[in-house]
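Undergrad: My questions all concern the structure below.
The values are calculated or read from the model by the stated rules, or taken from the named source; none is laboratory data. Quick caveat: nothing in here was measured; it's all calculated off a predicted structure. Glycine also receives a Cβ, built like all others from the backbone with ideal geometry; neighbour counts cover every protein chain displayed. Note: accessible area is taken over every heavy atom of the protein model, side chains too, but ligands, DNA and RNA are not part of it. Shrake-Rupley method; radii C 1.70, N 1.55, O 1.52, S 1.80 Å.
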Amino acid sequence: MSIFSLHTRKKAIAYYRHSAEDKQENSVAIQRQHTQKFANEHNIEIIHEEADEGKTGLLANRPAFQRLFSNWIENIEAPHFDYVFVYDVSRWGRFQDQDEAAYLTYLCRKHGKEVVYVSRGFPNATNQLSASLEISLHRYMAAEYSRQLSDKVFYGCVKVSEQGYSAGGTAVYGMARQLLDVNKKPIRILKTGEHKQIANERVTFVPKEDETTETVREVFNLFTKERYLIPDIVALLNQKGILSANGKRWDRSKVIKILTDETYIGTRIYNKIWGRLKQKSYKNPRSEWVITPKAFQAVVDEQLFRDAQERLYWMFPSNWRKGVYAIKKAKKNIRNDIFQWLLNKDLTAFEAEKTVSELPIIFAVKNEHKDISLWCFIIEEKNRRFDSILAVSVVPDNKKMIDDFFLFSVNDFTRTNFLVLLKNNSLYRTSKIDSSGVEEIITQFINQAGK
């Protein structure tokens, strides 16, 4: 090799990544071997290497990846180099937002460094559009791999949870994680941070039957049977010197957390929160939870738990305020829709407003507990001049708020003008109507009111 070629030899930084889900323990070594072979074939000197082992490619905040940019690519004082060598697109990252992968590549190019995927070789300079499209496809495939893997893990966890076993996480205060063998027989209590070692072993929950378990039972008894207020329970526990789950003093939120946790009646719940693929997490509606009742031994009686929920509901103004707000908003939306509809029927604004105010339309909040749904509808005495009543179900924790429509006979209501509707009774099935039939019912009301 001549002296001239030594001075003009290109240089590169190599980046390797091995994620925790990869089964190949020598992944980084294999990537290094391929990358060094590629560099030798093209007479390129690798002056530095960075490697992330056991790091997911979903995010860019990997230690070595961050050093690659801060210490080398964006550092004007770093030794000169021309390329960033990466084995393939997936080692650069499995970003769910493909624009992020493209931006990071652009950032390298902006600083005069070209990202080269060793498994693909140098891009064809004469057909950059085709090369760009191919890389975009590989980025999509890299992201899709993570999505599919995440789905497989998720559905596996759902299946385990449906069977009543733990799919991860810690035990709540007063309970412990118990390891079960392949025949679902108890082996031992797992320590904090300890995990099962065999894939077909299972983990369930059991009461610790120690001071913490007795504290949970005392909290429920004080609240439901002794009718203590929550601040009084907090004061009593702190006075006794009993520590909470994090080893600190009790407060209002910690007591409420115990009183509302269905784990204490042996219910296994999974998928309360969506938090996959390192994306921003959010709370799932209860309809998407995986709920398995009587999955393991309960700490407190189920009726005691239900009594606690009922008392809690009416203790917090936010609960009934949400219901009042939801009804108010639903009522406004429906009446505005009918008002506009009447204006289109050539009624004056005064006539439309008067007609809307007289229509027999009532509202009630849908109450749900476990598999039971019920409503309490109330009518005004003036509505009894109509043959039927249009009832609207409202859901406070839903963006659309309006859930279902029912058409009741006035005779369905008691003398005190109320009707309790249960989802599992015959009246529910016979009275429920589709939203497409509401316009016809409103027309019938208007005709009846005009007689």
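Undergrad: Determine the order of ASP82, ASP251 by accessible area, beginning with the largest, at a probe radius of 1.4 Å.
TA: Listed by decreasing accessible area, they come as ASP251, ASP82.
Undergrad: Counting helices only, and only those DSSP H runs with n ≥ 4, report the 222 nm mean residue ellipticity of the chain as the sum of -39,500 (n - 2.57) divided by its residues, in deg cm²/dmol to the nearest 500.
TA: Calculated mean residue ellipticity at 222 nm is -12500 deg cm²/dmol.
Undergrad: So for the pair LEU243, HIS111, with labels modelled 7 Å out along Cα→Cβ, what separation do we get in nm?
TA: Between LEU243 and HIS111, the simple spin-label model gives 4.6 nm.
Undergrad: Kindly identify region 325-378 as rounded, prolate or oblate by the Cα gyration tensor criterion: order the square roots of the eigenvalues as a ≥ b ≥ c, call it rounded if a/c is under 1.5, otherwise compare a/b with b/c, prolate if a/b is larger, else oblate.
TA: prolate
Undergrad: Accessible area of ASP434, 1.4 Å probe, to the nearest 10 Å²?
TA: The value for ASP434 is about 100 Å².
Undergrad: Still on this structure: Using only the heavy atoms of the protein chains and a 1.4 Å probe, how would ASP181, ASP99 rank by accessible area, largest first?
TA: Ranked from most to least accessible, the order is ASP99, ASP181.
Undergrad: What accessible area, in Å² to the nearest ten, does a 1.4 Å probe give for LYS11?
TA: My reading of the accessible area for LYS11 is about 70 Å².
Undergrad: Could you tell me how many cubic angstrom of Cα convex hull volume region 151-207 has per residue?
TA: 88 Å³
Undergrad: Continuing with the same structure: Of all GluC sites (Glu not before Pro) in region 306-381, which ones are in loop regions per DSSP and have a Cβ with at most 10 other Cβ atoms within 10 Å?
TA: Here the sparse-neighbourhood loop sites are GLU380.
Undergrad: Angle between the Cα long axis of helix 211-224 and the longest principal axis of the chain, 0 to 90 degrees, nearest 10?
TA: Between the helix axis and the principal axis of the chain, the angle is about 30 degrees.
Undergrad: Just to be sure I understand, if you calculate volume of the Cα convex hull per residue in Å³ for this structure, which of [x] 137; [y] 254; [z] 203 do you get?
TA: [y]
Undergrad: Please report, as a whole percent, how much of the solvent-accessible surface of the chain comes from carbon and sulfur atoms (probe radius 1.4 Å).
TA: Percent of accessible area from carbon and sulfur atoms in the chain: 51.
Undergrad: Give the accessible surface of region 315-451 per residue, rounded to a whole number of Å², with probe radius 1.4 Å and ligands, DNA and RNA excluded. Walk me through the numbers before you get to the answer.
TA: On the way: 8400 Å² over 137 residues.
On a per-residue basis, region 315-451 sits at 61 Å².
Undergrad: Pairing the Cα long axis of helix 349-358 with the longest principal axis of the chain, what angle in degrees results, from 0 to 90 and rounded to the nearest 10?
TA: 70 degrees
Undergrad: Further, regarding this structure: Taking H as built 1.01 Å from N, whose amide H comes closer than 5 Å to the amide H of GLU45, not counting residues under 5 places away?
TA: Here the answer is LYS10, LYS11, ALA12, since their amide H atoms fall under 5 Å of that of GLU45.
Undergrad: So what are the ³J(HN,Hα) numbers for region 36-43, from phi and the Karplus equation (6.51, -1.76, 1.60; θ = phi - 60°), rounded to whole Hz, Gly and Pro as x?
TA: Values per residue, Gly and Pro as x: 5, 4, 4, 5, 5, 5, 10, 6 Hz.
Undergrad: Here is a follow-up. With every protein chain present, what accessible area does HIS80 have (1.4 Å probe, heavy atoms only), rounded to the nearest 10 Å²?
TA: For HIS80, the solvent-accessible surface is approximately 120 Å².
Undergrad: With a cut-off of at most 16 other beta carbons within 10 Å, and DSSP calling the residue loop, which GluC sites (Glu not before Pro) in region 58-130 qualify? Please list them.
TA: Those satisfying the criteria are GLU74, GLU77.
Undergrad: To the nearest 10 degrees, how steeply does helix 230-240 sit against the main Cα axis of the chain, on a 0 to 90 scale?
TA: Around 60 degrees separate the two axes.
Undergrad: In region 78-103, which residues have a backbone nitrogen under 16 Å from the label point lying 7 Å from GLN36's Cα in the Cα-to-Cβ direction?
TA: 85-87
Undergrad: Please list, in chain and number order, the residues 5+ apart from ARG268 or on another chain whose amide H is under 5 Å from its amide H, with Hs placed from the backbone.
TA: Sorted by chain and number, the residues that satisfy this are THR292, LYS294, ALA295.
Undergrad: Turning to a different aspect of this structure: Which entries in the list LYS254/LYS331; LYS283/LYS432; LYS110/LYS283; LYS191/LYS366; LYS254/LYS322; LYS196/LYS400 go over 32 Å, if you measure between the two C-alpha atoms of each?
TA: LYS254/LYS331; LYS110/LYS283; LYS191/LYS366; LYS196/LYS400
Undergrad: Additional query: Taking R0 as 45 Å, what's the FRET efficiency between LYS345 and ARG311 from their Cβ-Cβ distance, rounded to 0.05?
TA: Working: r = 49 Å, r/R0 = 1.09.
Calculated transfer efficiency: 0.35.
Undergrad: I need the GluC sites (Glu not before Pro) found in region 205-268, filtered to DSSP loop residues with at most 12 other beta carbons within 10 Å of theirs.
TA: GLU226
Undergrad: Next up: Give me the distance in nm between label points sitting 7 Å out from Cα along the Cα-to-Cβ direction at LEU229 and ASP387, one decimal.
TA: 5.4 nm
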